[in-house]
Every structure is written in C-alpha cells, then in structure tokens.
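Novice: Have a look at this one before I ask anything.
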Amino acid sequence: MNEPKNGTLESSTLDRLEAQSVHILREAYREFKNLVMLWSIGKDSTVLLWLARKAFFGHVPFPLMHIDTDHKIPQMIIYRDEIVRKWRLNMIVGRNARALAEKRTFPDGVLTRLECCKALKTEALKHTLSGEWPRLRFDHEAGRYVEERHGEAFTGVIVGVRADEEGSRSKERYFSPRDRESDWNTSDQPPELWRQYKTDFAPGTHIRVHPLLDWTELDIWEYIGREGIPVTSLYFDGGEGKRYRSLGCYPCTKPVDSKSATVADIVAEIKTGRFARVAERAGRDQDKEDGGGLETLRREGYM
Amino acid sequence: MTQGRDMEQMNVVVVGHVDHGKSTLLGRLMADTHSLPDGKLDQVRATCARNAKPFEYAFLLDALKDEQSQGITIDTARCFFKTERRRYILIDAPGHVEFLRNMITGAARAEAALLLIDAREGIQENSRRHGYIISMLGIKQICILVNKMDLVGNDQRAFDSVRTEYERFLRRLDVHPVSFIPISATGGVNVVARSRAEMPWYTGPTVLEQLDALERPGSPLELPFRFPVQDVYKFTEGGDDRRIFAGTVLTGSVKTGQAVTFYPSGKQSRISTVEAFHAGPRSTASANEAVGFTLDTQLYVRPGEVMVRSDQTVPLVGHRFRANLFWMGRAPMIKGKNYKLKIGSARVPLKLVEVLSVLDAADFVSEHSKQQVDRHDVAECLLETHHPVAFDQVDRVLDMGRFVIVDDCDIAGAGIILERADDAASTVAEHVHAREMAWESGSISAADRAAAYGHAARCVVLTGSDAGVLAGLAGGVELALFRAGRKAYYARPANVERGLEADIRFRGEMQEEHVRRLGELARLLTDAGLIFITSLVDADDDDLKMLDMLGSPGEILVVRLGDAVAGNLSAHLALPAGIDPEKGVAAVLELLAQRRITPQPAVPEKA
C-alpha cells in the first residue's frame, strides 16, 4: 500500500469537482434506499470511496461491492481487505462461482475476452446486485468474509466512471436510469440541470449514479496526491520500470513502461510526459476487440 | 504554457440548428490546438481514404461506435482542450429539436455559449430556440459564429444580414452577444488561425481569441448567503453525536457564530461549527462548497428548507409565483394535474394555475390563448405549490430563482422565477369549498348519528418522532374507546400505505399527497360518525393545517408526543415522549371528554 504525503497543490478545479461529487453522493443517499457503491479497487472508485467519506463526514452509510473475477492481480485483493478493515467498511464481494468452477473463462481458453468480461463481470454484477447469487460480506467481528444468501436487491448503484475514459462513457448522466435488464438507452436520457437530477423512478427501474463523470485521469491523480488517499502499489514502479496505469484482470491487463514511483511522478507523466497523449485504457485488451466493444458491454450492464 | 491546476477552467456550450456545423467546429478546434491524441487525425484520414469518402473534421467526434474507441479522449458530448489562458470544456449540444433535453443538459453546465448559424440557410427555428434557452439558462456570454462563409463567397453582406436579423431577435430577449464572427469551420478560417486572404474585411477576433477574451461570470460570493438543506445526518457509528445539516452553499458565505434563519419555516439558530472530513478546522463556508453545519440549538428542520444569514436579505416565501419555463415532457403541462417542483433542495407538489403566454418557437411571437404548455414550448405561467416554498427572484439570486418540474418521474420542465404572486385562495381551499358545496348528506344528519352513537365524530391526529410509539398510543386509544362503546377507528399507516397509497412511490417526498389522502379519509370517516384516529410522524404546522382544511367542516384534534419541535407548535394536547402508555391513553380520552366529543365520564363518588 502506498500512502503519499499530503500534497500542497491548491486547486479550485479539484475543489469544484469534489463539491459536485459530494453533492451527487448526498443526493443519491437522500433519494434511494437500497444503495450500493461499486469499488473496483482501482484509483477512480477509490477516490469515489474517499469522496463518500467526505460527503458523510467520515462515514460510509451504504455497502461497497466488489466483483471478484478470481483473476484480479493478487495485490488488489490484499489492498482491498486492508482498507475494509481500516475504514470498517460494509464490504460485499460477488463472483460468478459457476463459470469459475466450470472453468468457462478466457484464461481457460473457452471464451473470448469480451465473453469472459460478460460472464465474470457483467453477469456476476447483475446477479449479485439482485441478490439472486450468494454474496460474501465481510464480518468485522470474525475478521473474514461470510456467505450471505438471498440478500436484498440493490436498485441504486454508485459507479466511478469518468466521461473522458472512452467514447460511450461520455454520454452518461450523473443519474442514469436502467430498466430491469440493465438496458441503457443512450438517445433517450433525462435532462440534468442546475444540480437537479432524475431522482424519481417507476418501480423496476434501476439507477446508476456517476459522481465522477466530470473528472479526468489527471484530476484523479492530483486529488489522490492532495488528499493523501491510499491506492494500491500496482500503480507505481517498484524498480522494474513498469507499472499499471489501469487495473483489471491479469490475463487482459498489461503494465506500461514507466518509472513513475510516486503520485507526483504520475501527475507529471500524464501532464507533460509520455502519457500526455496516449489513452489511459490502452493497456486494456478487451477494449480493442469488436470495435466499440465497451459500448456493447455497457449496454449489457458493464460498468 | 501554464501547467498548474490553478489554471482557470471554463465550460462552453456549442449550440445551433442541426447541420450548421457544430461537430466540424469542434473537430477543427481540437485539431488546430493540437489537443487530439497522437496519430488520431491521421488515423481518421486513413479510415476515410480506405472507405473512399472525403475526410471531414466532424468525423473526429463520431466516436461512439468506432474502431478507435479505446484510444480517444474526445467524444461527442464533451471535448477538453487548453490554451495559455485556461482549460476549456466544450460541450457539444445536439441541434435537432428531438434532442432538446440533451441540449439543455449540456448548456446548463456552461458559462459561455458559441451559437452557430449557417450563412447560407440563415436563422432557423433552433437558432432562435437555442438563443432563448441560453438566455433563460442565465448564460450572459454568447458569441455568434456565422459559419460556412466559404459557401457564400466570404461575402460581408451575407454576414451582415445574418448579424442584423439575429441581433434584433436577441435584443427582444434582452441578450447582448459578445461578438459575431464569420468563420469557415471546414477550412479553419477564423477558428484558430486568422486568414486574411478569405475575409480581409473582418478585423475582429478568431474563435479562439474570443474564447480567451471571455471573463468568468461574477462571483456568487457577493450575493446573500443561501444554503438549501440537502439532508440532516446523525451517524452514530463510532460514538459520533454530531447532528449535521449537509448541503451545498449556493451563494454568499458564512462564519461560525453567525445567526441564521431557515425558510420557509422561519426557525432561527446560530452556526456552531463548519464540518468537513479530512480537512483542518474551519470557521467559514462559501459558495459552491459542499459542507455541513452544526447549530447551537436543537432544531427540527426538514431537508428542503433554505438556511440564510439573519443579517442579510431574506428570500421570498410563498405559494404562488410567476415564472418562465420551457417544457420537455412528452405529455403537455396541463391545469389540474399534480406535478413536483424541485427548487434548491425542496421538493413540493405543484400545479399549473394559468398559462399567461406561450412563445411560438417557429416565429417567436407570443400567444395568449393557450391553455396548456406543449413540448418544446417556452411559456410564462402562474404556478402554485401546496406548501409554501422559499425562493428568490432570478434577477436577484440566480441559483435560488430556478427550478425544474417533474411530471410522472421525469424532469419535464425547467424555469426561472420572475416574481412572487399574491397568495390568493389556495387550490386546497378552493377544492374544499367546491367539495363541501356539492357534498351529498343523505337523510341522516351528523346530529342523528351522534345521538345514535352517543358521541360526536372527530378526527384525532397523533404526531411525534417515533412511529412505533405513536402506533402504540393510537391503538390504545382505539381499544379504550371501543371498550367504552364508542365507534372509533385507527387507520393503521401500514394498511393505508399498502392500499389507498399503493400508487405513491416515495414516501418522504409525497408527504403532501399522504396528508391530502388522510384529509379526505378523515372527511369521509367523520361523516360516518366515527372518532377517526390517525398518526403522522413529524407532522409540521403546514401538514396539520392542510389536514384540518381537508377534514373540515369538523376540526382536527392534535396530540403531540415529545418536545415541541419547531414548526409543530399547535397541539391541543402535548404529552412527554416517554409517557406511560396507559397514562397517554387516559390523557387522550380526557381530551375527548373535555371537548365534549364523548360524554363526560360518570363521576365515581356519586355512587
């Protein structure tokens, strides 16, 4: 785990982004009962988790959910559980146990990358949210995860997507309705203006809340630096001249060549260095399949 | 180039009629400021060449479903680029009228607008509609780009003609554009690079120069302090005992120790602390900060109220106001229907009282005979809320003078408040009057029923903060009355919710509708001669007044459990929160006897 020191960067942009995200989180908490926040362990959703603590004055009044594909880089899981204990988070883990048991995955050579994403992430997410599949919940007394069956269905999901990540995400709203099948209709979205969002829903509609929509990769890193938010060490070069810029499953995520060992190094690298004009998800192989693969995935419920 | 994040940022929306060149302009701005990822431009050129179609800058933005989706940092909705002066977020607002909701979503975030008009086609319907909406959104800085000048031979007369006509239109809206710039987005003329060859007669700024010359709007810090209470938190985990009023400061600033007043309730207190997580101790909070406050006194305030400084201009409070609004809903806005108003953090049921005028988008003349507001209409209306709301006129405090209207779960309208209107007879009073005039009583009078049952009819409302305790007391009163031979009925909230209110989806917000239905139920059941008992958690004076009005002609009796929380002061009987249930029941029975609803109990010693 890397705990950078508090930076001295003063920034009205970060203040504005922080205030907006906090406002959106509070709005979500006010309006929706069965709320959950997805925590992918990556930098964006870790910033989101930090913002939740800002919004609720040190508390996180809803559970966090992580979809474990079983192929996550091991340090991610270690880091996750350290934070869960330290911040006493209400942590839920979901997985596609059947696909994993039957070895129906891309690394097993059975599925394509996109099919694998769909099975291990999209399907697992859908059924874990609905409560149909068993969940693992961290028991702080026992200090371990305990299986939980027939949990409540979550109808409001807070997700840390950013508009600048790739094409389809830029069309998102802060509050985005999905129907029962998680379908997303990009051409028919509710208007959002003057800090007023769509917070009324017909029964059966699910809502995704996107407090980080206006943040860029650079904003995220500068905020991590300013606030001293602990992020996994995978983002930093440990001396081999390699680090991860975007985290995922190890079979499909490659580290990039970079000697950035601190948050400040990364900020400089994104601003002026070799990453200034290279896309962030360039190391994520599933994006490259099927042209606009991510939009296909997102329509089907990928986050 | 400045690299610090102290660098200023500006949101600019690009609007205009469909096909007037928005995407091309955006593509051009991105390319000419070298804001595209490496190789992006060549990639798109190569793709075009492969498919034997001419390259267009607009293709750079057609990014939603294409083979470069993993590599792009630009998109169809928002582009980021920077100059030496500041960072820009350019918002591409769709030009087609069907996408007006998207256009408004984009434009509402902007501090300045670029409006494109095709020099050949001239001013079209959406050129006007967008101009109007931009002005209504409060965007003061608007630059008109007369595009496709190359297609009219770069002729100054063509430019002047568009300029004259559009200026005349904007003047009617009291909008004063910053500039008119003749451009060719395709050729990049007067976009980033100036090109004297094409239009030597034009000596003004290029688009980029103009953007850099814009100033950010004045600071909301100068305005009176306005803090809509978004929520009230009490997280007890880890021994936290703070009661925090959370929200985002809209305007102005405040310090600890400041005397504050909440509206519409009028409750007063003083700021004790400014709360923030992972930030040093602080004593001030100002516009655009999402913060929390604790107060000196225990105050019961609901989310939706506005906290203001007691030493500054107070907001307006009222039921009725005159507003300009535009309508995006599929169904028209009509009279008599229940809508929901969202202003600040308040959500209140709303009705359309009167359509004063509707601007026709095609020719923008006012129509005064319309009775409803159709999709894409811009209208001046008289609106009325069930509860009083706090607001400011839009020309005083912009953020406190604008609102959205929800119709059946969707944000269907957005508008600005021009002024408060007289609180004449409210629609509830009118409704009750009309209902009572037409009430059919049959041949059994209230007196007949009272004589037969041995007691009068009455609605008894129990209120307090604990639903369970209230239910216990109400049930106890019902049972005691029944055993004494009275015709009493307690409408259990769970039963009302599952049946009569099955169509109400969100309890918190629909308090008014809940109260309305209880009021009508009270009217019917007291007409039946019953002692009708109901419980209402955290009812405030407005709720009780409405219940009383709807339940009339019979008056309601209010029993309050627990401390007199502000806003609920008018109980007929106040009981301590922790009262012994039997004593509580006895006290309510005594109240009924005192009020001569039930006969006075026989005096025991006269045995």
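Novice: Hey, does region B:455-466 have a residue that's surrounded by 15 or more Cβ atoms within 10 Å (Cβ to Cβ), over 30 Å from B:Gln511 (Cβ atoms) and either in contact with a Leu (Cβ under 9 Å, 6 or more places away or on another chain) or modelled with pLDDT of 95 or more (or both)?
Specialist: yes
Novice: Select from region B:332-348 the residues that are assigned to a loop (DSSP other than H, G, I, E, B) and more than 10 Å from every other protein chain (Cβ to nearest Cβ) and write down the one among them that is nearest to B:Leu316 (Cα to Cα).
Specialist: Here the answer is B:Asn338.
Novice: Related question: Can you tell me which of B:Ser552, B:Ser535 is among the polar types (S, T, N, Q) and in contact with a Leu (Cβ under 9 Å, 6 or more places away or on another chain)?
Specialist: Of B:Ser552, B:Ser535, the one residue that is among the polar types (S, T, N, Q) and in contact with a Leu (Cβ under 9 Å, 6 or more places away or on another chain) is B:Ser535.
Novice: When you go through B:Ala451, B:Ala474 one by one, which is the residue that is surrounded by fewer than 18 Cβ atoms within 10 Å (Cβ to Cβ) and not in a loop (DSSP other than H, G, I, E, B)?
Specialist: B:Ala451
Novice: A follow-up question, please. Provide a single number: the residues in region B:461-471 that are part of a helix (DSSP H, G or I) and β-branched (Val, Ile, Thr).
Specialist: Qualifying residue count for the region: 1.
Novice: Follow-up question, since we're still on this one. Out of region A:39-67, which residues are within 24 Å of A:Pro107 (Cα to Cα) and surrounded by fewer than 21 Cβ atoms within 10 Å (Cβ to Cβ)?
Specialist: Passing the criteria: only A:Gly42.
Novice: I need the strands (runs of 3 or more DSSP E) fully contained in region B:511-582, keeping only those with at least 2 residues that are within 28 Å of B:Arg435 (Cα to Cα).
Specialist: Correct list: B:531-537, B:556-561.
Novice: Kindly list the number of the only condition in (1) at positive phi; (2) in contact with a Phe, Trp or Tyr (Cβ under 8 Å, 6 or more places away or on another chain); (3) not acidic (Asp, Glu) that fails for B:Gly257.
Specialist: Of (1) at positive phi; (2) in contact with a Phe, Trp or Tyr (Cβ under 8 Å, 6 or more places away or on another chain); (3) not acidic (Asp, Glu), only one is false for B:Gly257: (2).
Conditions tested, residue by residue: (1) crowded, with 16+ Cβ neighbours inside 10 Å; (2) modelled with pLDDT under 90; (3) under 16 Å from the mean Cα position of the chain (by Cα).
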{"residue": "B:Phe321", "(1), (2), (3)": "yes, no, yes"}
{"residue": "B:Met328", "(1), (2), (3)": "yes, yes, yes"}
{"residue": "B:Lys351", "(1), (2), (3)": "yes, no, yes"}
{"residue": "B:Val355", "(1), (2), (3)": "yes, no, no"}
{"residue": "B:Asp360", "(1), (2), (3)": "no, yes, no"}
{"residue": "B:Phe364", "(1), (2), (3)": "yes, yes, no"}
{"residue": "B:Gln372", "(1), (2), (3)": "yes, no, no"}
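Novice: Would you pick out the residues in region A:238-295 that are assigned to a loop (DSSP other than H, G, I, E, B), farther than 17 Å from A:Arg162 by Cα and modelled with pLDDT of 85 or more?
Specialist: If the condition is that a residue be assigned to a loop (DSSP other than H, G, I, E, B), farther than 17 Å from A:Arg162 by Cα and modelled with pLDDT of 85 or more, then A:Gly238, A:Gly239, A:Glu240, A:Gly241, A:Tyr244, A:Pro255, A:Ser258, A:Lys259, A:Ser260, A:Ala261, A:Thr262 are the ones that fit.
Yes/no matrix, rows are residues, columns are (1) closer than 21 Å to B:Ala574 by Cβ; (2) without any contact (Cβ under 8 Å) to a residue 40 or more places away in the chain; (3) under 35 Å from the mean Cα position of the chain (by Cα):
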{"position": "B:Ala446", "(1), (2), (3)": "no, no, no"}
{"position": "B:Phe482", "(1), (2), (3)": "no, yes, no"}
{"position": "B:Gly485", "(1), (2), (3)": "no, yes, no"}
{"position": "B:Val515", "(1), (2), (3)": "yes, yes, yes"}
{"position": "B:Asp540", "(1), (2), (3)": "yes, no, yes"}
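Novice: Can you tell me which of (1) at pLDDT below 80; (2) surrounded by 21 or more Cβ atoms within 10 Å (Cβ to Cβ); (3) among the acidic types (Asp, Glu) is the one A:Asp188 doesn't meet?
Specialist: (2)
A quick yes/no check of all residues on (1) touching an Asp or Glu at 6+ places or on another chain (Cβ under 7 Å); (2) over 22 Å from A:Arg208 (Cα atoms); (3) of a type outside the set (Gly, Ala, Ser); (4) surrounded by fewer than 17 Cβ atoms within 10 Å (Cβ to Cβ):
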| position | (1), (2), (3), (4) |
| --- | --- |
| A:Arg88 | no, yes, yes, yes |
| A:Ala99 | no, yes, no, no |
| A:Arg104 | no, yes, yes, yes |
| A:Gly109 | no, yes, no, yes |
| A:Ala124 | no, no, no, no |
| A:Leu129 | no, no, yes, no |
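Novice: Another question, then. If you check B:Ala379 against the conditions, is it surrounded by 20 or more Cβ atoms within 10 Å (Cβ to Cβ), assigned to a strand (DSSP E or B) and at pLDDT below 90?
Specialist: So B:Ala379 fits the description; yes.
Novice: Within region B:132-168, can you find the residues that are over 26 Å from B:Leu398 (Cβ atoms), outside any strand (DSSP E or B) and of a type in the set (A, V, I, L, M, F, W, C)?
Specialist: B:Met149, B:Leu151, B:Val152, B:Ala158, B:Phe159, B:Val162, listed by residue number.
Novice: Please find, within region B:304-319, the residue that is nearest to the other protein chains (Cβ to nearest Cβ) out of those that are under 16 Å from B:Pro388 (Cβ atoms) and at pLDDT below 95.
Specialist: B:Gly304
Novice: With the requirement that a residue be buried (at least 19 other Cβ atoms within 10 Å of the Cβ) and within 14 Å of chain A (Cβ to nearest Cβ), what does region B:240-275 give you?
Specialist: Once the filter is applied, which keeps residues that are buried (at least 19 other Cβ atoms within 10 Å of the Cβ) and within 14 Å of chain A (Cβ to nearest Cβ), region B:240-275 yields B:Ile244, B:Phe245, B:Ala246, B:Gly247, B:Thr248, B:Val249, B:Leu250, B:Thr251, B:Val274, B:Glu275.
The values are calculated or read from the model by the stated rules, or taken from the named source; none is laboratory data. Quick caveat, the model's predicted, so the values are computed rather than measured. Ideal geometry is used to build each Cβ from the backbone, glycine not excepted, and the neighbour counts take in all protein chains shown.
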